[in-house]
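Only one structure is covered here, and it is reproduced in the block below.
The values are calculated or read from the model by the stated rules, or taken from the named source; none is laboratory data. None of these values were measured; they are calculated from a predicted model. Here the Cβ positions follow ideal geometry from the backbone for every residue, glycine too, while neighbour counts run over all protein chains shown.
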Amino acid sequence: MTDTVKATAEKATEFFADVREKASEATEKGKKFAADAVEFNKANVEAIVEAGKIVAKGAQEMGKTNIEFAKKNFEDAQVAVKELTAVKSPTDFVKLQGELARKGFDTAVAQGSKNTEAMVKLVNEMFQPISNRIAATTELFKKAA
């Protein structure tokens, strides 16, 4: 009976040592997973912050450009009023008014095109950090699979 008790005790000791080892390994894996998850989320937040900085800078630049455009339009309008008041005949007035209207329309279309190009560029630049994180996430899932 003593041999049976010893054998059972040895098996139990081996079993619990194995359980302790596996639990320790699982704990280490869990710690590594948690650390990796923190780093992963930190990188995601950094990408979003970077995208926000890009948008803020781009919006500031676009605002500055539009203020300059508005200022120039105001100056052009002052010149146009002076030109219109200096006209001597109704025919010349209508002709000048048509020219000014065409010029104004062309200027507005050109500025609209510039704004559209700037917005597309800004969106592409803003999305780049997020796109990089998507690529990193895809790569991470490929490695995990």
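General remarks:
- Output for the range 19-58, where each listed residue is acidic (D, E) and at pLDDT 85 or above: E21, E25, E28, E39, E46, E50
- When A51 is tested against (1) under 30 Å from L140 (Cβ atoms); (2) in contact with a Ser or Thr (Cβ under 8 Å, 6 or more places away or on another chain), exactly one condition is not met: (2).
- Within the range 75-103, tally of residues that are exposed (fewer than 11 other Cβ atoms within 10 Å of the Cβ) and not hydrophobic (A, V, I, L, M, F, W, C): 10
- The listed residues are K114, K142, K53, and the only one of them that is touching a Phe, Trp or Tyr at 6+ places or on another chain (Cβ under 9 Å) and of a type in the set (D, E, K, R) turns out to be K114.
- Pairs meeting the criteria (first residue in the range 74-86 and of a type in the set (G, A, S), second residue in a helix (DSSP H, G or I), beta carbons under 7 Å, at least 6 apart or on different chains) are A80/L100.
- Boolean, E39 is within 21 Å of A136 (Cα to Cα), within 51 Å of the chain's Cα centre (by Cα), free of Cβ contacts under 8 Å to residues at least 24 places away in the same chain and assigned to a helix (DSSP H, G or I): yes
Listed here are the residues, each with its yes/no results for (1) in contact with a His (Cβ under 7 Å, 6 or more places away or on another chain); (2) among the hydrophobic types (A, V, I, L, M, F, W, C); (3) at pLDDT below 95.
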position	(1), (2), (3)
A77	no, yes, yes
L84	no, yes, yes
S89	no, no, yes
F93	no, yes, yes
G104	no, no, yes
E117	no, no, no
I130	no, yes, yes
R133	no, no, yes
T137	no, no, yes
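- Which numbered condition K88 misses (of (1) assigned to a helix (DSSP H, G or I); (2) over 24 Å from E68 (Cβ atoms)): (1)
- If you check A70, A108, A59 for being within 30 Å of N124 (Cα to Cα), touching a residue at least 60 places away in the same chain (Cβ under 8 Å) and assigned to a helix (DSSP H, G or I), only one passes: A59.
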